[in-house]
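Engineer: Take a look at this one; I'll ask things after.
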Amino acid sequence: MVFCINSPFAAGVNTIVFCAFAVAVSVSVSSEGMGSKRKDREVQSDDDESAKRRTKKVDGDKPQLLPSMIKNKEKRSALYAKLKHEKKTEKRKQAKAREALESRALELGEELPPKKIPRTIENTREADETVCRPDDEELFAGNDADEFSSVLSRERVPKILMTTCRFNSTRGPALIKDLLTVIPNAEYYKRGTYDLKKIVDYANNKEYTSVIVVHTSRREPDALLIIGLPNGPTAHFKLSNLILHKDLKNHGNPTGHKPELVLNNFTTRLGHRVGRLIQSLFPQDPEFNGRRVVTFHNQRDFIFFRHHRYIFETREDKHADANNKDKDTGEEKKTLKGKIIARLQECGPRFTLKLTSLQHGTFDTKGGEYEWVHKPEMDTSRRRFFL
């Protein structure tokens, strides 16, 4: 039978055929979607089975299934928790076995088993040829002829001039105010509009031994410049983690005595030179009656500054003696015994320094020669240190 396209009967038939075709397509698409989901579940189950077959072999033929081999999140988390618990249990067993060996060695009077040394970034640092050694004659001969020998040999008394950058905030002078309580024979001058070279010339004429400049950025001190006089060197430090004296909790108030200086972990030639620069800021005859300690601790090329005073306290402990009983009441008498305890009280400020450059001579940004400059390409290894 042939129908005319323009006839109304043909149009109705075409509409019915089109609807039937659309229903068939939707049914086929839904069946294909259900089939794809079923295939995905089958593939995931096959992956889990293949992951179990891909287990690593540890200690010979003993297989071990790692969490990274499992795609299911719940199963992976459960396996990770199980492995972590087993590791913790094994560690506890080893600790008990070690305690048993130590107690047995003490009973028999034998030597204790060697203690395990944990692996840290410090004790696994890369070998450096510039590390100072006790038998380095060249190093000790250079100490007698460097720029700090006159101060460290007590031929000159340290005299420090402190100032700020041109555009400073209240935090810069506040830090200098705290540093004046730390470094004896230090004086503060406002920067004004003077160039730093003119300030260095003025300090040389007034026989200052060092100039300290506190640089601020965004109302916060971010750099420290130490210039040795009269011949340098000039060290530029990045300053961070600053906490002023007034912001420290339970801080102490230092006295006017000359403090003791502690320089820790400056092991290389560069670190030795930076340490002598810092040492030249303080007098070499500390007054121990003041009980003040200034510490510069180098760790991973970060120099941590701390200022403490140590305190001796006598605490009374109440001890009951069974032999000391009151005859009338039969109660035990309590005797007071004093116990001396030493503790540290932080005086502040507290901050961290990181060396960015060390320049020959006094401050000169155009024609100055640098002994050492920190560059980003130097930070290729976490175990490479320069101080």
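The values are calculated or read from the model by the stated rules, or taken from the named source; none is laboratory data. Since this is a predicted model, take the numbers as computed values, not measurements. For neighbour counting, all protein chains shown are included, and Cβ atoms are generated from backbone atoms with ideal geometry for every residue, glycine included.
Engineer: What is the one condition in (1) under 28 Å from Y370 (Cα atoms); (2) among the aliphatic types (A, V, I, L, M); (3) surrounded by 15 or more Cβ atoms within 10 Å (Cβ to Cβ); (4) free of Cβ contacts under 8 Å to residues at least 60 places away in the same chain that V262 does not satisfy?
Structural biologist: (3)
Engineer: For region 85-122, give me the residue count where each residue is of a type in the set (D, E, K, R) and closer than 30 Å to Q299 by Cβ.
Structural biologist: Within region 85-122, the subset of a type in the set (D, E, K, R) is 86-88, 90-93, 96, 98-99, 102, 104, 107, 110-111, 115-116, 119, 122.
From the residues that got through so far, the ones that are closer than 30 Å to Q299 by Cβ too are 87-88, 91, 98, 115-116, 119, 122.
So the count comes out to 8.
Engineer: Taking the stated definitions as given, is T209 of a type in the set (V, I, T), in contact with a Lys or Arg (Cβ under 8 Å, 6 or more places away or on another chain) and at pLDDT 90 or above? If you could, list the steps in order and put the result at the bottom.
Structural biologist: Numbers: of a type in the set (V, I, T): yes; in contact with a Lys or Arg (Cβ under 8 Å, 6 or more places away or on another chain): yes; at pLDDT 90 or above: yes.
In short, yes.
Engineer: Still on this structure, please answer the following. Could you list, in sequence order, all residues of region 129-170 that are surrounded by 13 or more Cβ atoms within 10 Å (Cβ to Cβ), free of Cβ contacts under 8 Å to residues at least 24 places away in the same chain and in a loop (DSSP other than H, G, I, E, B)?
Structural biologist: Correct list: D136 only.
Engineer: Hey, another quick one. Does V214 satisfy the condition of being surrounded by 15 or more Cβ atoms within 10 Å (Cβ to Cβ), more than 30 Å from I311 (Cα to Cα) and within 26 Å of the chain's Cα centre (by Cα)?
Structural biologist: yes
Engineer: Name the single residue that is modelled with the lowest pLDDT among those in region 229-243 being closer than 29 Å to L152 by Cα and among the aliphatic types (A, V, I, L, M).
Structural biologist: In the first step, residues of region 229-243 are kept if they are closer than 29 Å to L152 by Cα; the result is 229-240, 242.
Filter once more, keeping what is among the aliphatic types (A, V, I, L, M): 229, 235, 239, 242.
Values: L229: 91, A235: 95, L239: 96, L242: 94.
Of everything passing the filter in region 229-243, L229 is modelled with the lowest pLDDT.
Engineer: May I pose another question? What is the number of the single condition among (1) among the acidic types (D, E); (2) farther than 21 Å from F296 by Cα; (3) crowded, with 16+ Cβ neighbours inside 10 Å that D201 does not meet?
Structural biologist: Of (1) among the acidic types (D, E); (2) farther than 21 Å from F296 by Cα; (3) crowded, with 16+ Cβ neighbours inside 10 Å, only one is false for D201: (3).
Engineer: Enumerate the strands (runs of 3 or more DSSP E) found wholly within region 272-387, keeping only those where 3 or more residues are modelled with pLDDT of 85 or more and within 22 Å of M162 (Cβ to Cβ). Steps first, please.
Structural biologist: On the way: elements: 292-299, 302-325, 332-346, 350-359, 370-373.
Here the list reads 292-299, 302-325, 350-359.
Engineer: Is it the case that region 95-110 has a residue that's outside any helix (DSSP H, G or I) and either farther than 30 Å from E187 by Cβ or charged (D, E, K, R) (or both)? Spell out how you get there, then give the answer.
Structural biologist: Going through region 95-110, the residues outside any helix (DSSP H, G or I) turn out to be 109-110.
With either farther than 30 Å from E187 by Cβ or charged (D, E, K, R) (or both) added as a condition, the list becomes 109-110.
Yes: region 95-110 contains one or more residues that are outside any helix (DSSP H, G or I) and either farther than 30 Å from E187 by Cβ or charged (D, E, K, R) (or both).
Engineer: Moving on to the next point. Go over the candidates L270, L196 one by one and state the one that is within 26 Å of the chain's Cα centre (by Cα) and surrounded by 15 or more Cβ atoms within 10 Å (Cβ to Cβ). Let's see the steps before the verdict.
Structural biologist: Working: L196 fails: within 26 Å of the chain's Cα centre (by Cα).
Every option except L270 fails the conditions.
Engineer: Let me ask another. Does region 140-158 contain at least one residue that is in the same structural domain as I227 (by TED's automatic domain parsing), within 29 Å of H297 (Cα to Cα) and β-branched (V, I, T)?
Structural biologist: Checking region 140-158: at least one residue is in the same structural domain as I227 (by TED's automatic domain parsing), within 29 Å of H297 (Cα to Cα) and β-branched (V, I, T).
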